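Enquirer: Sharing a structure with you now.
The values are calculated or read from the model by the stated rules, or taken from the named source; none is laboratory data. Quick caveat, the model's predicted, so the values are computed rather than measured. Positions of Cβ are backbone-derived with ideal geometry, glycine not excepted, and every protein chain shown enters the neighbour counts. For accessibility, only protein heavy atoms count, side chains too; no ligands or nucleic acids. Shrake-Rupley method; radii C 1.70, N 1.55, O 1.52, S 1.80 Å.
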Amino acid sequence: MRYSSYFIHTLFDVPKEAEAPSHILLLRGCYIYPVAAGVYSLLPLGHRVAEKIKTIIREELNGIDGIELTMPVLNPAELWKKTKRYYDIGAELIRIKDRKDREFVLAMTNEETVTDLAKHFLRSYRDLPVMLYHIQTKIRDEARPRGGLLRIREFFMKDAYSFHRDFADLDAYYPRIFNAYLRIFARCGVESIPIEADSGIMGGSGSHEFMLESPNGEDRFVVCTHCDYRANTEKAEGVKSRLEKPAVPPPPREKIATPGVKTIADLMRFFNTDEARFLKTVAYEADGDLVLAVIRGDYAVSVTKLTNHLQAIHVDLASEERLAAKGFHAGFLSPVEAGGVRVIVDTSVAAGDVFIAGANERDAHFKNVCAGRDFPLGEQTDLAEVREGDLCLNCRQGTLRLGRGIELGHTFKLGTKYTAPETMDVTYLDPAGEQQRVIMGCYGIGVERLLASVVERWHDEAGIIFPPTIAPFQLVLVAIGKSPEVLASAEKLYQDLKRRYEVLYDDRDESPGVKFKDADLLGFPLRLVVSQKLLKAGQVELKVRQTGEVVICPQNDLEATLDQLFQNLQPTLEGLPYMEE
RNA sequence: CGGGGCGUAGCGCAGACUGGUUAGCGCACCUGCCUUGGGAGCAGGGGGUCGGAGGUUCAAAUCCUCUCGCCCCGACCA
């Protein structure tokens with residue numbers, strides 16, 4: 001490809017809307033162009049990278065017996081009503097009507113359409129297992145798109161679905177997709193950290209997110225400093241410290257006037273003691289019902305954990321009006337005399353622990369509230385957000401380190417969420433002629449997010465540093481000067497090289513500085529330079545973008561040198577945290 | 001959804017507080033000359049409904065009201 005006739009218009013200045021490095025560099029490099037909030041065109045360069053990522057995904061999935069198909073974005077609402085997702089998902093799901101007033105949705109994923117296929121075609125145990133996947137546009141009306149390609153509203157997602165005779169078969173298949181994911185990300189040049197993920201209300205035995213650790217990530221996870229425990233903070237659990245037990249039973253609880261003292265910080269000042277001495281009570285509305293979550297003051301309630309425990313769909317902080325209607329007062333809530341409201345207590349609170357807690361009346365708290373005595377510990381579970389430095393529950397030796405990351409992919413043992421009788425009811429006949437339920441798994445990767453993640457991981461002040469596996473061109477050829485010899489030589493090199501490599505020939509009438517800056521910005525793995533001076537010596541120059549290494553080599557050795565340099569840049573697939581197959 | 005910020009040429013910005021020639025600068029773009037190892041130089045040139053609507057005024061990029069768009073932060077701890 002010749003630069004002069006291709007579609008590249010790099011920007012010198014940083015567009016002011018961009019903050020994340022990948023956002024800035026992809027805009028400056030003419031990889032993407034914004035169309036609306038969270039909606040982008042992939043320009044020719046970006047398109048090439050995305051296609052390469054898709055190719056890697058296809059190769060790996062085909063390698064584990066995945067079968068590609070294409071399912072539509074436009075889905076009849078009927079299908080989504082069957083699985084209840086039509087009702088359970090909020091505004092993120094775009095609902096539209098056709099000219100005949102029939103309801104449709106724009107698919108965010110394709111469980112409905114693929115399970116419908118399974119129901120229709122998979123009748124016999126002989127048809128199972130099977131894994132179907134596609135790389136298709138997904139539409140999600142995100143509340144807040146951000147970071148360029150990091151969170152967008154329309155994107156390509158590879159979504160894969162596997163169907164199995166039973167859980168054992170799903171369990172047997174799962175490591176294969178897990179390992180394929182590790183290879184996909186590694187081949188794209190990024191280190192992915194597989195972590196245990198929250199599997200939501202359907203429970204199930206397994207879900208993993210593959211994270212790229214990055215300051216621009218939106219997800220938080222913990223890794224143990226000692227063992228291989230790694231988990232999303234939505235799921236992670238640390239060992240909780242215990243309060244010292246009082247030597248003698250505490251005196252009866254005592255009401256203290258605490259006008260305007262509402263937050264734990266206020267209370268700490270008022271009572272001059274540390275936060276673990278307080279009981280924090282938070283009121284939620286779970287699918288319409290009021291519940292109180294009770295936790296020690298030095299921990300925070302995880303809404304995800306609470307939601308899962310309640311098996312609820314929507315859990316939100318209770319409104320002031322809702323509280324007032326029940327006679328509660330925000331800031332003075334308490335499980336003591338909670339008037340029959342459902343109370344869930346975190347495991348940070350143990351029987352006999354003594355706290356300062358709300359009095360369930362305005363401007364008052366209780367001292368000497370004793371867990372188990374002044375309020376029951378009946379419904380108790382882990383509700384706490386994990387904290388940096390908590391002892392690892394898995395090995396009890398290491399501590400948990402908090403990390404921030406970008407979710408590159410998600411694998412999920414779905415079980416029967418979509419095949420159960422109350423949803424799409426998918427069964428097959430086993431060898432004995434008995435009806436058996438089909439068991440599912442689903443697995444997703446966002447293509448654009450992966451692209452942006454690679455740039456987040458691989459860039460410097462000068463620009464992007466693409467791994468050769470997904471670079472839009474492997475090699476950029478730069479001719480310096482306009483002498484006929486140089487141009488003729490560059491032209492010949494271009495003709496030769498493009499037979500073996502993807503070469504961008506920068507044939508523009510620009511100064512060397514401009515060409516070098518653009519080459520660096522755009523991130524081609526190797527830069528090949530021809531100049532008068534080099535030609536006289538029968539040499540060419542190669543520069544490795546990633547290392548800055550410069551190799552002057554005789555023209556005769558060019559191909560061998562190129563092969564060697566590319567070899568060095570190949571990502572390794574050794575030593576990844578593979579799951580035993 | 002809540003909070004903050006920003007909308008003036010493709011990109012980055014000035015002009016606005018204190019209304020008043022023909023709305024300006026850098027980069028990019030076009031033409032010519034010149035130059036070629038890290039965003040060169042000279043000369044000439046094209047490009048703007050000042051986000052939109054309404055209002056105040058003799059006069060609005062500038063003041064007022066409404067609205068649309070984009071970006072960032074937050075989305076819970078009583």
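Enquirer: Using a 1.4 Å probe, what is the accessible area per residue for the stretch A:245-315, in Å²?
Expert: It amounts to 48 Å² per residue over the stretch A:245-315.
Enquirer: Which length gain, in nm to one decimal place, applies between A:Glu19 and A:Glu491 when the Cα-Cα distance is subtracted from 0.36 nm times their residue separation?
Expert: Fully extending the segment from A:Glu19 to A:Glu491 adds 166.0 nm.
Enquirer: Sticking with this structure for a sec: So which chymotrypsin sites (Phe, Trp or Tyr not before Pro) in the stretch A:510-581 are both in a DSSP loop and have at most 15 other Cβ atoms within 10 Å of their Cβ?
Expert: Counting only loop positions with at most 15 other Cβ atoms within 10 Å, the chymotrypsin sites (Phe, Trp or Tyr not before Pro) in the stretch A:510-581 are A:Tyr578.
Enquirer: Quick one: how many Å² of A:Asp13 are accessible to a 1.4 Å probe, rounded to 10?
Expert: Approximately 110 Å² for this residue.
Enquirer: Report the relative contact order of the stretch A:22-87, percent, no decimals, based on alpha-carbon pairs under 8 angstrom and at least 6 residues apart.
Expert: Relative contact order of the stretch A:22-87: 15 percent.
Enquirer: What ³J(HN,Hα) values, in whole Hz, does the Karplus curve 6.51 cos²θ - 1.76 cosθ + 1.60 give for the stretch A:556-565 when θ = phi - 60°, with x put for Gly and Pro?
Expert: 5, 8, 4, 5, 4, 5, 4, 4, 5, 5
Enquirer: Okay, moving on. Mind putting together the pair-distance distribution for the stretch A:205-312? All Cα pairs, 5 Å bins, whole percent per bin, short to long.
Expert: 2, 8, 13, 16, 17, 15, 14, 8, 4, 3, 0
Enquirer: Can you compute the helix-only [θ] at 222 nm over chain A? Use -39500 (n - 2.57) per DSSP H run of at least 4 residues, normalise by all residues, nearest 500 deg cm²/dmol.
Expert: -7500 deg cm²/dmol
Enquirer: Now a separate question. Of the accessible area of the stretch A:1-62, with the probe set at 1.4 angstrom, what percent is carbon plus sulfur?
Expert: Within the stretch A:1-62, the accessible surface is 57 percent carbon and sulfur.
Enquirer: In nanometres, what is the gap between the two model label sites at A:Lys498 and A:Ala537, each 7 Å from Cα along Cα-to-Cβ?
Expert: Rounded to a tenth, the inter-label distance reads 2.9 nm.
Enquirer: To the nearest 20 debye, what charge dipole does chain A have about its Cα centre, counting +1 at the Cβ of each Lys and Arg and -1 at the Cβ of each Asp and Glu?
Expert: With only Lys, Arg, Asp and Glu charged at Cβ, the dipole is about 600 debye.
Enquirer: List, in order, the whole-Hz ³J(HN,Hα) value for each residue of the stretch A:436-453 obtained from phi through the Karplus relation with A = 6.51, B = -1.76, C = 1.60 and θ = phi - 60°; use x for Gly and Pro.
Expert: 10, 7, 7, 10, 10, x, 9, 8, x, 9, x, 5, 5, 5, 5, 4, 5, 5
Enquirer: Also, I was wondering about something else. Taking a threshold of 32 Å on the Cα-Cα distance, which of the pairs A:Lys158/A:Lys543; A:Lys54/A:Lys543; A:Lys16/A:Lys235; A:Lys158/A:Lys280 fall above it?
Expert: Distance filter (> 32 Å) returns A:Lys158/A:Lys543; A:Lys16/A:Lys235; A:Lys158/A:Lys280.
Enquirer: Given N residues in the stretch A:1-108, what is Rg(Cα) / (2.2 N^0.38 Å)?
Expert: Dividing the Cα radius of gyration by 2.2 N^0.38 Å gives 1.48.
Enquirer: Beta carbons within 10 angstrom, averaged per residue: use that to sort the peptides A:317-329, A:106-118, highest first.
Expert: Those peptides, ordered most packed to least, come out A:106-118, A:317-329.
Enquirer: Under 13 Å between alpha carbons, and skipping anything fewer than 8 positions from A:Lys240 in its own chain: which aspartates and glutamates qualify?
Expert: Those aspartates and glutamates meeting the cut-off are A:Asp298, A:Asp346, A:Asp382, A:Glu385, A:Glu388, A:Asp390.
Enquirer: Please work out whether the stretch A:352-460 counts as rounded, prolate or oblate from its C-alpha gyration tensor, where a ≥ b ≥ c are the square roots of the eigenvalues and a/c under 1.5 means rounded, while otherwise a/b larger than b/c means prolate and anything else oblate?
Expert: In terms of gyration-tensor shape, oblate.
Enquirer: Can you spot the aspartates and glutamates whose alpha carbon is less than 17 Å from A:Lys492's alpha carbon? Ignore those fewer than 8 places along the same chain.
Expert: A:Glu502, A:Asp506, A:Asp507, A:Glu541, A:Asp557, A:Glu559
Enquirer: A further question on this structure: May I ask you to derive the relative contact order of chain A, considering only C-alpha pairs under 8 Å and at least 6 residues apart, and to give it as an integer percent?
Expert: Rounded, it is 17 percent for chain A.
Enquirer: Where in the stretch A:1-76 are there GluC sites (Glu not before Pro) that are in a DSSP coil and have at most 11 other Cβ atoms within 10 angstrom of their Cβ?
Expert: For GluC sites (Glu not before Pro) across the stretch A:1-76 that sit outside H, G, I, E and B with at most 11 neighbouring Cβ atoms in 10 Å, the list reads A:Glu17.
Enquirer: Separation of the stretch A:98-158 and the stretch A:374-399 by C-alpha centroid, Å?
Expert: For the stretch A:98-158 versus the stretch A:374-399, the Cα centre distance is 37 Å.
Enquirer: I would also like to ask the following. For the stretch A:440-490, take every pair of Cα atoms, bin their distances at 10 Å starting from 0, and report each bin as a whole percent.
Expert: Here the calculated profile for the stretch A:440-490 is 19, 30, 24, 18, 6, 3, 1.
Enquirer: Here's something else I'd like to know. Report, please, the projected area of chain A averaged over directions, based on the convex hull of its C-alpha atoms, in nm².
Expert: 34.2
Enquirer: So for each of A:380-386, A:480-486, A:95-101 I average, over its residues, the number of other beta carbons within 10 Å; can you give me the resulting order with the highest mean first?
Expert: Ranking, from highest mean packing down: A:380-386, A:480-486, A:95-101.
Enquirer: Still on this structure: Apply the Karplus parameterisation 6.51 cos²θ - 1.76 cosθ + 1.60, with θ equal to phi minus 60°, to every residue of the stretch A:62-67 and state each ³J(HN,Hα) to the nearest whole Hz, in sequence, with x for glycine and proline.
Expert: Once rounded to whole Hz, the list reads 5, x, 10, 6, x, 10.
Enquirer: Quick one: which of A:369-378, A:298-307 comes out on top by average Cβ neighbours within 10 Å, and what's the full order, highest first?
Expert: Per-residue mean Cβ counts within 10 Å order the peptides as A:298-307, A:369-378.
Enquirer: Taking the alpha-carbon distance from A:Lys81 and a cut-off under 16 Å, which aspartates and glutamates remain once sequence neighbours fewer than 8 residues away in the same chain are dropped?
Expert: A:Glu92, A:Glu103, A:Glu111, A:Glu112, A:Asp116, A:Glu422, A:Asp425
Enquirer: Pop a pseudo-label 7 angstrom from the Cα along the beta-carbon direction at both A:Ile89 and A:Met579 and give the gap in nm to one decimal.
Expert: The modelled label-to-label distance comes out at 2.4 nm.
Enquirer: Which shape class, rounded, prolate or oblate, goes with the stretch A:463-529 when its Cα gyration tensor gives a ≥ b ≥ c as root eigenvalues, a/c under 1.5 marks rounded, and past that a/b bigger than b/c marks prolate?
Expert: Judged from the Cα gyration tensor, the stretch A:463-529 comes out oblate (a/c at least 1.5, b/c at or above a/b).
Enquirer: Using only alpha carbons, build the gyration tensor for the stretch A:434-558 and give me the equivalent ellipsoid semi-axes, biggest first, whole Å.
Expert: The three semi-axes for the stretch A:434-558 are 40, 16, 12 Å.
Enquirer: Using 0.36 nm per residue, how much length does the chain from A:Asp557 to A:Arg123 gain when fully extended, once their Cα-Cα distance is taken away?
Expert: Extending this stretch completely gives an extra 150.2 nm.
Enquirer: Estimate the FRET efficiency between A:Glu379 and A:Glu320 by the formula 1/(1 + (r/R0)^6), using the beta-carbon distance for r and 30 Å for R0, to the nearest 0.05.
Expert: That gives a FRET efficiency of 0.75.
Enquirer: Right, another one. Relative to the present Cα-Cα distance, how much length would full extension add between A:Thr263 and A:Glu51 at 0.36 nm per residue of separation?
Expert: Using 0.36 nm per residue and subtracting the Cα-Cα distance, I get 71.1 nm.
Enquirer: Going by accessible area, probe 1.4 Å, with all protein chains left in place, what is the ranking of A:Met157, A:Met440, largest first?
Expert: From most exposed to least exposed: A:Met157, A:Met440.
Enquirer: With a 1.4 Å probe and every protein chain left in place, tell me how much accessible area A:Met71 has, in Å² to the nearest 10.
Expert: We get 10 Å² for A:Met71.
Enquirer: Considering only C-alpha atoms, what is the centroid distance from the stretch A:523-546 to the stretch A:315-356, in Å?
Expert: Value for the Cα centre distance between the two parts: 70 Å.
Enquirer: Can you give me the relative contact order of the stretch A:369-493 as a percent, contacts being Cα pairs under 8 Å and 6 or more apart?
Expert: Taking the mean separation of contacting Cα pairs over the length of the stretch A:369-493, I get 14 percent.
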